[in-house]
Amino acid sequence: MIRVGAAQLGPIARTETRPQVVKRLLALLREAKSYNCQLVAYPELALTTFFPRWPLEDEAELDGFYETAMPGPATQPLFDEARRLGLGFSIGFAELVLEGNRKRRFNTSILVDQGGAIVGKYRKVHLPGHADVLDRPGQHLEKRFFEVGDLGFPVYRAFGGILGMCICNDRRWPETYRVMGLQGVEMVLLGYNSPVGLGDPYELDALESFHNHLVMQAGAYQNATWVVGVAKAGTEEGFNQIGQTCIVAPSGEIVAQCATLGDELIVRDCDLDLGAPYRADIFNFAAHRRPEHYRLIVERTGAIPPPEKKS
Ligand code: CDT
């Protein structure tokens, strides 16, 4: 049993400093402690505004959105307080790795145990959006500002269970959950920044909230795992981001959900054994999966329809 707090964040302004953001994270952490949580999950890019919405040209300004060390001077208080309270946490941030003269940039999430040690790291694999600046106000330049993650989808024995992480757009891809499911994952922690109004047809934007839950509920059920989906929500620098932070049980049911678009904590006792009946029967992978018929999944990226029959 893990008592989890999903710590949704409201908008973070471009000018908000790390210490200001960490203060908000600490308030949620302490609230989680008051409910005797063991683990707190924060969103994707939880230390800054969602900067890939701007075509940032100034490298120094861009670098300012990334962490070169974790913990660094600004995030050390979060690690210290979490350890003092005996709370673990997961958190998303932009990671800058210096390899000689080469700068590598990742959209990263870490898992920190109750003793303050980093026990897991994940780098976002499914980067949405585009690398080139589009002729419209709402950019989504993750492909410009991040490399594809190079760590796969690892899972970790922590908090008495098997935990994995993924980030935002990853949640829309069944492969994300399945690769972790094949490692026996019992809880997936995922943060997201999901904008609406960037230029998609209104019909798609109107369904964004439905799709958000659809993919997490399906991923949870089909892999008999808990999914903790945590939003950075609200109107951030004039751009709207959905909320709907939720905790999904291995049944696929949402068992807790945020009601606001601001900083808000939801808490749930998550019995990791709830997935066991599914794993033993309908989703007994060893008994029922047929990987010999799934080869296209790893051999092909885009869809290639069969040739049309000549009449
Ligand atoms: N952060 C992130 O991955 N957001 C995407 C929206 C991309 S819109 C081009 C998401 O899947 O929610």
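The values are calculated or read from the model by the stated rules, or taken from the named source; none is laboratory data. Just so it is clear, the structure is predicted and the values come from calculations on it, not from any experiment. Every residue, glycine among them, receives a Cβ derived from its backbone with ideal geometry; neighbour counts consider all protein chains shown. For the accessible areas, the whole protein counts, side chains as well, though only heavy atoms, and no ligand, DNA or RNA atoms are used. Shrake-Rupley method; radii C 1.70, N 1.55, O 1.52, S 1.80 Å.
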Segment residue 293-residue 143, length gained on full extension (0.36 nm per residue, minus Cα span): 50.8 nm
Stretch gain in nm, segment residue 133-residue 183, where the contour uses 0.36 nm per residue and the Cα spacing is subtracted: 14.2 nm
Cβ-defined net charge surrounding residue 182, 12 Å radius [Lys, Arg +1; Asp, Glu -1]: +2
Average accessible area per residue (Å²) across the chain - probe 1.4 Å, nucleic acids and ligands excluded: 46
Computed FRET value (nearest 0.05) for residue 60 with residue 34, which takes r as the C-beta separation and R₀ as 51 Å: 0.80
Kyte-Doolittle at least -1.0, axis length at least 15 Å by Cα - qualifying DSSP helices, the chain: 18-34, 208-223
DSSP bridge pairs, the chain: antiparallel proportion in percent, nearest 5: 65
Helix-only mean residue ellipticity at 222 nm for the chain, each DSSP H run of n ≥ 4 adding -39500 (n - 2.57), per residue, nearest 500: -7000 deg cm²/dmol
Net charge contributed by nearby residues that have their C-beta within less than 14 Å of residue 64 (K/R +1, D/E -1): -4
Cβ-derived FRET efficiency at R0 41 Å, residue 102 paired with residue 14, nearest 0.05: 0.90
Spacing of the two label points (7 Å from each Cα toward its C-beta) at residue 27 and residue 173, in nm: 3.6
The stretch 259-302 residues near the modelled residue 213 label - backbone nitrogen below 19 Å, point 7 Å along Cα→Cβ: 259-262, 264-269
Within straight-line cross-link reach of residue 33, lysines at Cα separation under 25 Å, skipping those fewer than 8 residues along the same chain: 23, 121, 232
The chain - percent of accessible surface contributed by carbon and sulfur, probe 1.4 Å: 54
GluC sites (Glu not before Pro) within the stretch 222-289, DSSP loop, no more than 13 other Cβ atoms inside 10 Å: 253
Packing-based order for 131-139, 174-182, 193-201, using average beta carbon neighbours within 10 Å, highest first: 174-182, 193-201, 131-139
